[in-house]
Amino acid sequence: MIKMVTGAAGFVGSTLSQRLLENGEEVIGIDCFLDYYPREIKEKNLKPLRDYASFRFVEKNIIDLDFPVILEGVDGIYHQAAQAGVRTSWGDNFEIYTTNNILATQKLLDAIRNKPIRLVYASSSSVYGETGKFPMQEDDLPAPVSPYGVSKLAAEHLCRLYWRNFGVPTVSLRYFTVYGPRQRPDMAFHRFIKSICNGHPLELYGDGEQTRDFTFIDDAVDANLLAMKKGASGAIYNIGGGTRISVNKVLEMMQSLLGKKARIKYGAIQKGDVTHTFADTTRAQNDLGFHPKTPMEEGLKKEAEWIRKNILP
Ligand code: UGA
């Protein structure tokens, strides 16, 4: 049987595809190279996947897929494709988010309505918003504070209602700020490591005391495989790394790891950013056997190595 990975050229999608291929699975990767960051970076992500005879790549937007044909032999979909970015989802950009995050997910769900295909959806901690209650639990009332979060939550609801109404077996994973090799160039760790290495100034939004439950990429990939195998249909799981830490502390760790001082410029808090995230992963531990394995020092080191090799001039 074949696994489909949407967003296969992206950060999580490409790493997940690679793991599936290493595990001997057959994979169809879908990606339309949204122009949020350079295609060149995504092509680099895809390169090792293209070496596998068991990998087929289709360059298309989900909305334009010829579903009955592409789904032949597929028994599971890892739906990682999205218009990413919390802080850029305002104004006219929202249309890009509604199309690629909401409409595309609905089309995918509708296409598998009467088929024996499981779907694992990449949701986000940004659906919670400013809950003021920590750790965040799946049954807390979601109240996103960014249009991006609204789009991810809407698609999560679509997954649940396709399960409720048509029995489509969907599982939603709420990722908490994933980092590591191949991290997107708009994200904090990627930007910070690059700037420190180059001796350029970096911009810190707010005072740096905001916290995130940062999750290493391999742990997020583990969660996907476990969810496909064991996730309860219609369920939502928090996927957090168990290393909640402030951005200031991360910067200290980066500077000592890289042996260089950061040139920090303090900027305004960005509209749409939540102050703190902190995952209660009890449900994922109990149902999926999810246990994040990578400590922050190790994960940071791996991301820095990747940036040095692949991103720095
Ligand atoms: C990340 C991803 O970008 C989203 O796609 C994902 O849905 C979300 O995590 C999630 O897990 O819910 P974010 O937490 O904003 O969003 O991730 P980063 O870009 O790594 O930012 C982390 C923190 O660093 C934020 O507080 C942000 O304001 C700050 N930051 C980021 C800076 O101070 N400067 C920068 O240049 C970038």
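Listed by first and then second residue, the pairs linking a residue in region 273-302 that is at pLDDT 95 or above and in a helix (DSSP H, G or I) to a residue that is surrounded by fewer than 20 Cβ atoms within 10 Å (Cβ to Cβ) and basic (Lys, Arg), with Cβ atoms under 7 Å apart and 6 or more places separating them unless they lie on different chains, are Asp287/Lys230; Leu288/Lys230.
Summed over region 28-76, the residues that are in a loop (DSSP other than H, G, I, E, B), open to solvent by 50 Å² or more (accessible area, probe 1.4 Å) and not hydroxyl-bearing (Ser, Thr, Tyr) give a count of 7. Of note, Leu225 does not satisfy the criterion of being of a type outside the set (Gly, Ala, Ser) and within 7 Å of the ligand (Cβ to nearest atom).
Across region 158-192, the number of residues qualifying as outside any helix (DSSP H, G or I), in contact (Cβ under 8 Å) with a residue 24 or more places away in the chain and closer than 23 Å to Lys260 by Cβ comes to 8. Being in contact (Cβ under 8 Å) with a residue 12 or more places away in the chain, more than 18 Å from Pro169 (Cα to Cα) and in contact with a strand residue (DSSP E or B) (Cβ under 8 Å, 6 or more places away or on another chain) is true for just one of Tyr128, Tyr97, Tyr121. Which residue is that? Unique residue meeting the criteria: Tyr128. Taken over region 277-291, the criterion of being within 13 Å of the ligand (Cβ to nearest atom) and either farther than 17 Å from Thr243 by Cβ or open to solvent by less than 50 Å² (accessible area, probe 1.4 Å) (or both) is satisfied by Thr277, Ala279. Residues in region 230-240 that are in a loop (DSSP other than H, G, I, E, B) and under 11 Å from Phe290 (Cβ atoms): 2 in all. Can you go through Leu119, Leu173 and tell me which one is within 16 Å of the ligand (Cβ to nearest atom), aliphatic (A, V, I, L, M), under 19 Å from Ile62 (Cβ atoms) and touching a helix residue (DSSP H, G or I) at 6+ places or on another chain (Cβ under 9 Å)? Of the residues listed, the single one that is within 16 Å of the ligand (Cβ to nearest atom), aliphatic (A, V, I, L, M), under 19 Å from Ile62 (Cβ atoms) and touching a helix residue (DSSP H, G or I) at 6+ places or on another chain (Cβ under 9 Å) is Leu173. Annotation: Ile2 fulfils all but one of (1) in contact with a Gly (Cβ under 8 Å, 6 or more places away or on another chain); (2) touching a residue at least 60 places away in the same chain (Cβ under 8 Å); (3) surrounded by 20 or more Cβ atoms within 10 Å (Cβ to Cβ); the unmet one is (3). For region 250-273, taking the residues that are surrounded by fewer than 20 Cβ atoms within 10 Å (Cβ to Cβ) and closer than 27 Å to Thr15 by Cα, the one that is nearest to the ligand (Cβ to nearest atom) is identified as Asp273. Within region 193-229, count every residue that is open to solvent by less than 10 Å² (accessible area, probe 1.4 Å) and part of a helix (DSSP H, G or I). Counting residues in region 193-229 that are open to solvent by less than 10 Å² (accessible area, probe 1.4 Å) and part of a helix (DSSP H, G or I) gives 9. The condition of being in contact with an Asp or Glu (Cβ under 8 Å, 6 or more places away or on another chain) and of a type in the set (Asp, Glu) holds for only one of Glu95, Glu59, that being Glu59. Tally the residues that are over 25 Å from Arg113 (Cα atoms), among the aromatic types (Phe, Trp, Tyr) and surrounded by fewer than 24 Cβ atoms within 10 Å (Cβ to Cβ), restricting the search to region 123-174. Residues meeting the conditions: 1.
The values are calculated or read from the model by the stated rules, or taken from the named source; none is laboratory data. Note that this is a predicted model, so its numbers are computed, not measured. No Cβ is skipped: glycine too gets one built from the backbone with ideal geometry, and neighbour counts run over all protein chains shown. Calculation scope for accessible area: heavy atoms of the full protein, side chains included, ligands and nucleic acids excluded. Shrake-Rupley method; radii C 1.70, N 1.55, O 1.52, S 1.80 Å.
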